[in-house]
Amino acid sequence: MKNLQTKDFVMGGLFIAIVTSLTYINLPISPSGGLVHLGYVALFPIAIVFGPKYGAIAGAFGMALFDVLSQWFLWAPATFIIVGLVGYTVGLIANGGRNPLRNVIAMTVGSIISIAGYFVFNAFIMNFGVPSALTSLGGDSFKVFASLLVALAIIPGLINVKKQMQ
């Protein structure tokens, strides 16, 4: 692992705070865990522009922190793994955010990981069963794909912010 600098900790903490804060803007849609929120609106652009490391950190810690601090605390371990993987994968595929098609592919793959991950967790780990877990699929799908559309509008501005920071 390369040497960590103060900037790495500050950026990681900032991204965690942003993702956690936006996840608080939410609407529960299913008692089996379906939650529509704005966390992915922040996570996708962070992962795309700042890369897989910050994507994984912001996703895993940001959304799991929300779970721990809210009524969804039982989902925190799954969120840490699933959304950490989403952030890492999106950042890895997008590779800096300069190619809009690649960004869409990255967010689509990340969305599928999120939807499938929570479906498996709800159906089999939480033991809600497949029919109950299916009730959250619509909201989970809406959340990530709506976030994808909003993220597309945010990414160019965030690329400019990153340039200013260098």
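The values are calculated or read from the model by the stated rules, or taken from the named source; none is laboratory data. What you see is a predicted model; the values in this text were computed from it and never measured. Here the Cβ is made from the backbone with ideal geometry for all residues, glycine too, and neighbour counts use every protein chain on show.
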Every residue from region 98-147 that is in a loop (DSSP other than H, G, I, E, B) and in contact with a Gly (Cβ under 9 Å, 6 or more places away or on another chain): Met126, Phe128, Thr135, Ser136
For residues that are touching a Phe, Trp or Tyr at 6+ places or on another chain (Cβ under 9 Å) and modelled with pLDDT of 95 or more, scanning just region 14-36, find the one that is farthest from Gln71 (Cα to Cα). Phe15
Answer yes if at least one residue in region 33-40 is under 14 Å from the mean Cα position of the chain (by Cα) and in a helix (DSSP H, G or I), and no otherwise. yes
Give the number of residues within region 2-52 that are surrounded by fewer than 15 Cβ atoms within 10 Å (Cβ to Cβ), hydrophobic (A, V, I, L, M, F, W, C) and over 24 Å from Lys163 (Cβ atoms). 2
I want to confirm something. Restricting to region 104-120 and keeping residues that are farther than 16 Å from Gly139 by Cα and within 14 Å of the chain's Cα centre (by Cα), which single residue is surrounded by the most Cβ atoms within 10 Å (Cβ to Cβ)? Met107
Mind counting the residues in region 53-103 that are surrounded by fewer than 19 Cβ atoms within 10 Å (Cβ to Cβ) and either touching a residue at least 60 places away in the same chain (Cβ under 8 Å) or not hydrophobic (A, V, I, L, M, F, W, C) (or both)? 10
What's the number of the condition Pro52 fails, among (1) over 14 Å from the mean Cα position of the chain (by Cα); (2) under 19 Å from Val144 (Cβ atoms)? (1)
Go through Ala133, Ala123 for me and flag whichever is touching a residue at least 24 places away in the same chain (Cβ under 8 Å) and buried (at least 18 other Cβ atoms within 10 Å of the Cβ). Ala133
